[in-house]
Amino acid sequence: MEPLIQLRNMEKVYEAGGSKFYVLRRVSLEIQPGEFVTFMGPSGAGKSTLLSIIGMLDGSWTGEYYFNGEPVHRLNVKKRNELHKANIGFVFQSYHLIDNLTVFENLEIPLSYKNVPHKERVSLVCDILDRFNIVGKKDLFPNQLSGGQQQLVGVARAVIQSPKLILADEPTGNLHSAQGEEIMELFRKLNEAGTSIIQVTHSERNAAYSHRVIQLKDGWVVSETSNAARVG
Amino acid sequence: MGTIGQDIRYGVRMLVKHRLTTLVCVAALALGIGVNAAMFSVAEAFLLHPVPFENSDRIVALVDSRPSQGIDTNSVSPVTYLEWKAQAHSFDKMGAYVWDTINLTGDREAEKAQAFAISPNFFDLLGVHPLMGRTFLPEEDQVGKDQVIVLSYGLWERRYASDPLILGKKIKVDGKTLEIVGVMRKGFDYPKPAEAWVPLSFNAKQRTIRDSRYLWVLAHLKPQVSVQQATAEMRTIAVQQAEAYPDAYKGWTLRVLTIPNFATDSLTRQFTFLLLGAVGFVLLIACADVANVQFARVTGRHKELAVRTAMGASRSRIIRQLLTESVLLSLAGAVLGLLLAMWWVYLIVSHMPPEVAKFIAGWNTIRLDANAFLFTLAIAISSGIVSGIAPSWLHSETNISETLKESGRGASTGPSRHRLRSVLVIAEIALALILLVGAGLLVKGFRALIVVHENFRPATVLTLNLDLPEMQYKEKPGRTAFYAQVLQRLAALPHVQSAGLATYVPYAGGGGTGVSPFTIEGRAPEERGETPSTIVETISPDYFRLMNIGLRGGRELSDSDGDATPPVAVISQNVAKRYFSGGNPLGKKLKIGKADADSPWLTIVGIVDDVHYTWVDKQEYPTIYRSYRQAPPFYTSLVLRTNGDPLTSVSAVRSAVGEVDPDLPLFDVLPFDRVITNSIVGIAYVAAMMTILGLIALVLASVGIYGVMSYSVGERTHEIGVRMAMGATSNDVQRLILRNGLFLTIVGMAIGLPMALGIAYALSSILFGVRVADPFAFVALPLLLAAVATVACYLPARRAVRMDPLTALRYE
């Protein structure tokens, strides 16, 4: 089967004051469709940067990147954005909901950027509100929700466009444990339903939900461990 | 469409959320858009449709010009017109008109009306039809068959109470009986301010006149003939005429003007463009203000925009979202701006005296019409795009992944954004300075005009005009006797100190005077066609004293200078300096007209002060004064020095003149100060508008610099905290902020000053009293701008030094 993600000798470097600072060094890895992978490592290891590159938010790197067989490294910005829009959903530690939009409108956002017609948008948002049990919150603004509820909306927003891949950067970092567990259970179910997931976390407990843990340090991939004792 | 609706909905929400900045932006844009909409309405009336008929783009005016004397539009002689008409092939119709004031007498109270003698095809040429009756028949341009008249709607309504049976009635005009054959439709008053039209006819002598220019010629282009083609043909004909009659045409050049260019004189056009430029500057300053606010707003929303990008928003969608907000802001500004524009248009229209307004082409069409609304919509959308594009565009430089990182400090303003905001402030300062200097110079010019006529002490002078009918006052003694009697009666009236007469009262009728060539006895003839010219004033002896025109040599004219004594003249200093610089002109002789003219030699008996006749002239024009007893005119102005308010004497004056000739209408009865005000009302308008625009620019520029400095302080809060923790004093911090703001101000002024100097040169060439090196404009006003900018920088600096260092250190 063709890997969903294939990275070969990926490097990212910052230049400052004439000297180079490597954030990622010769990263090569493969992630299969339907896989749940965790990036772990100390602060500054390059986890979030790698996530951004895989999410196609960052285009300044060298090496090769294939997404579902498409050579991302050869695509122009527009095509890369199209690929990202069609296949990837994001979940952030700070939820990053848009303060001035209601829950309904926040969920509608990714669909409107994919030019989904209005009627279809409404129907998809209503479905996801129902699926995540947040119908009653649809007219509330983010500051009227608890952290857990906000992250629930954040995950719903990532899922609404049925992405092949969800990228989650410390998704439970701002939540207390019960809320965190609820979100991780949600990820597990999504993964079981076929969505690939890559998360960045410091939490061993969250890492236990994934099939594989990739350790990074100073920009290098230092180890890869299959998770035999996976939760669920 | 659905997503645009989403953008609009969100945009409205954002604008409502940030009420204060929205209000500042809407107010700035309302001022900018409002002055543009108002000025567009004025410019549209002056430049686009100054005439009350439709097909003006196919009609041209054929005029003479004399560049060497600064005459850009002049009438032509009858024979010139007749030759053009016979030879030109570019036109299917050619007609002419002559100004002709008429006295309406007989059936009702005597009244003077503004008429035009027109060629019979004139209305047909313009493509207009009468409301009632007919226009003129082709044969009615023959002497004897020309006893017909067409009335304007206004005259028909006012004098004849809209009599539906008016056609065919006979009325007395200048002592002749004319039949009313037509009434024109409402609003048609071309040439402005026509109240009636009579046929233009030429007698045999007039048909040979080549160097007396009094006809205005219009022509209708044949289909498929362009203005350029017609110009080329007419120039060829004009060259042939000049070769055949060099004396008559030397120095004259034919010009073919489109009707809008002809109807609105070049000075009005220049000032209209000046004001259009000025309002454009104000709008640019407002846009720069709004752009700066948008920069701050976009920077504050960097996370939201990064999230949108992560959710799949393309760069163009983000820009569209931000531009939508910006355009919404402009549209809100446009709504308020239109209200302001309506008010400004009302102020502009209502403050123009009606006796001046009736002469201004297009004046009665100044209004906020559909075109003005479309223009406003267009500039609102453009302003929204102009003020929003740079902030939106620069946002896309933000590093999205860095912004979304939890540890990231977000999108701090990059150097390019700093640079652009600084450039905007510099541009605002430069533009504001140009406007301020322009306004200052115009105000100085206007003040100079007021000062120049203070010598007349105009508040106690009454002026009125009369025009003696040629048939009744054909003989000189009759005219002399009439004036002598009238002056005697007027001088005897209570409250009247003295009474006089003159052909042209300075500033009256917009300052227009006729000029005539003159010849100095014993002086070699000037180069062909370059005869010196002068204003010829026919006055009563009291005129100089009455008007405070000082005697500089010789004597004044006196009542003893009559028909039986040698003809004499008094000259202005200007004539003495220009033409007698080598010696004493007293006792020398000159005559009005060329050397071979059939007019008497006049002995110069006195020299008087120069008189400024119109604000347009930068220098006084040479003037020769003659006694009314030696050359009694038909048309004249009476001037009376009164003890107080001159208007209190009006009815007594009318009675006194009526006792001498009850059928003679008096017109333009106005206090002299009103005559002067009317004459300079145009420049007063321009000066007032420029002053208002300059002040708006000053306020907007200071708001701009305040906004940028205030934002900069907010951005540098952490840095200020560190500096204060390291021992920086309040003064150090204040200096840091002030230095930055004043640097931008100085750069802006350094760029603006040379440009303002260019404006000063342009204004000084067209306006009396404007000096390029004007200390008020180039020292006081820049200092004012610097002072306002300093205050705008000081307020944020004061806020910075009042910060608690610990709070500042914690600030992210």
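Coordinate-derived values only; no laboratory data. As the structure is a computational prediction, the values presented were derived from the model and not from experiment. When we count neighbours, we look across all protein chains shown, and the Cβ atoms used for this are built from the backbone with ideal geometry, even at glycine.
Give me the distance in nm between label points sitting 7 Å out from Cα along the Cα-to-Cβ direction at B:R802 and B:T101, one decimal.
6.7 nm
Determine which lysines satisfy two conditions relative to B:K186: a Cα distance under 29 Å, and not lying fewer than 8 residues away in the same chain.
Result set, ordered by chain and number: B:K93, B:K112, B:K145, B:K169, B:K170, B:K172, B:K176, B:K222, B:K358.
When a/c reaches 1.5 or more, the comparison of a/b and b/c decides; with that in mind, is segment B:452-522 rounded, prolate or oblate per its Cα gyration tensor? Write down the numbers at each step before the final one.
On the way: a/c = 1.86, a/b = 1.07, b/c = 1.75.
Note, shape of segment B:452-522 comes out oblate.
Efficiency by 1/(1 + (r/R0)^6): what FRET value for B:T790 and B:R367, r their Cβ-Cβ distance, R0 = 60 Å, to the nearest 0.05?
Numbers: r = 42 Å, r/R0 = 0.71.
Calculated value: 0.90.
Please compute the modelled spin-label separation between B:A762 and B:V227, points set 7 Å along Cα→Cβ, answer in nm with one decimal.
Rounded to a tenth, the inter-label distance reads 2.1 nm.
What residues from segment B:202-223 fall in the zone where the backbone N is under 19 Å from a label point 7 Å along the Cα-to-C-beta line of B:R66?
B:209-217
Using modelled amide H (1.01 Å from N, peptide plane; none on Pro or chain starts), what sits under 5 Å from the amide H of A:V23, excluding residues fewer than 5 places away?
A:K12, A:V13, A:Y14
Under 18 Å between alpha carbons, and skipping anything fewer than 8 positions from B:K250 in its own chain: which lysines qualify?
Partners within reach: B:K594.
For peptide A:90-97, compute the average count of partner chain beta-carbon atoms within 10 Å of each residue's beta-carbon.
4
What angle do you read, to the nearest 10 degrees and between 0 and 90, between the alpha-carbon axis of helix B:266-300 and the longest principal axis of chain B?
10 degrees
Suppose the chain between A:N133 and A:K78 were pulled fully straight at 0.36 nm per residue; how much longer would it get relative to their current alpha carbon spacing? Could you put the intermediate results ahead of the total?
Values: separation 55, 0.36 × 55 = 19.80 nm, distance 3.54 nm.
Here the segment from A:N133 to A:K78 would lengthen by 16.3 nm.
What net charge is computed for the residues neighbouring B:A760, neighbours being all others with C-beta under 12 Å from the C-beta of B:A760, Lys and Arg scored +1, Asp and Glu -1? Spell out each step's value before the answer.
Working: positive: B:K444, B:R771; negative: B:D774.
Within the 12 Å Cβ shell, the charges total +1.
Which residues in segment A:1-36 have a backbone N closer than 13 Å to a point placed 7 Å from the Cα of A:T62 along the Cα-to-Cβ line?
Within reach of a label on A:T62, which here means backbone N under 13 Å from a point 7 Å along Cα→Cβ, segment A:1-36 contributes A:9-15, A:20-27.
For B:A86 and B:E111, what is the calculated FRET efficiency with R₀ set at 35 Å and r taken between the beta-carbons, to the nearest 0.05? Mind dumping the intermediate values first?
Numbers: r = 39 Å, r/R0 = 1.10.
In this case the efficiency is close to 0.35.
With each run of n ≥ 4 DSSP H residues scored as -39500 (n - 2.57), what mean residue ellipticity at 222 nm is computed for chain A after dividing by its residue count and rounding to the nearest 500 deg cm²/dmol? Let's see the in-between values first.
Working: 7 runs with 77 residues, N = 232.
That comes out to -10000 deg cm²/dmol.
Report the FRET efficiency, 1/(1 + (r/R0)^6), for B:S498 and B:D124, where r is their Cβ-Cβ distance and R0 is 41 Å, rounded to 0.05.
Given R0 = 41 Å and the Cβ-Cβ separation, E is 0.20.
Stretched out fully, how many nm does the piece from B:M755 to B:R457 gain, at 0.36 nm a residue minus the Cα gap? The partial results should precede the final answer.
Values: separation 298, 0.36 × 298 = 107.28 nm, distance 3.87 nm.
Length difference between fully extended and current span is 103.4 nm.
Give the cross-link partners of A:K85 among the aspartates and glutamates, using a straight C-alpha distance below 15 Å as the criterion and excluding same-chain residues fewer than 8 apart.
Cross-link targets: A:D58, A:E70, A:E108.
If the chain between B:T236 and B:K170 were fully stretched, how many nm would it gain, using 0.36 nm times the residue separation less the Cα-Cα distance?
Numbers: separation 66, 0.36 × 66 = 23.76 nm, distance 4.53 nm.
In short, 19.2 nm is gained.
Around B:P665, with a cut-off of 13 angstrom between Cβ atoms, what is the net charge of the other residues, counting Lys and Arg +1 and Asp and Glu -1? Provide the component values of the computation, followed by the final result.
Details: positive: B:R108, B:K112, B:R159, B:K172, B:R654; negative: B:E109, B:E111, B:D174, B:E195, B:D467, B:D661, B:D663, B:D668.
Combined, the nearby Lys, Arg, Asp and Glu give -3.
Please average, across the residues of B:299-312, the number of beta carbons from any other chain that are within 10 Å of each residue's own beta carbon, and give a whole number. Working shown, then result.
Working: counts 0, 0, 3, 0, 5, 6, 1, 2, 11, 6, 4, 13, 17, 15.
Average per residue, whole number: 6.
Helix-only mean residue ellipticity at 222 nm, chain B, DSSP H runs n ≥ 4 weighted -39,500 (n - 2.57), per residue, nearest 500. What is it? Mind dumping the intermediate values first?
Working: 24 runs with 400 residues, N = 812.
Only helices count here, giving -16500 deg cm²/dmol.
List the residues of segment B:564-581 whose backbone N lies under 18 Å from a point placed 7 Å from the Cα of B:V515 along the Cα-to-Cβ direction.
Output list for this probe position: B:571-580.
Quick one: 3J(HN,Hα) in Hz for segment B:479-488, Karplus 6.51/-1.76/1.60 with θ = phi - 60°, rounded, Gly and Pro as x.
Ordered by residue, 3J(HN,Hα) equals 5, 4, 5, 4, 5, 4, 5, 4, 5, 5 Hz.
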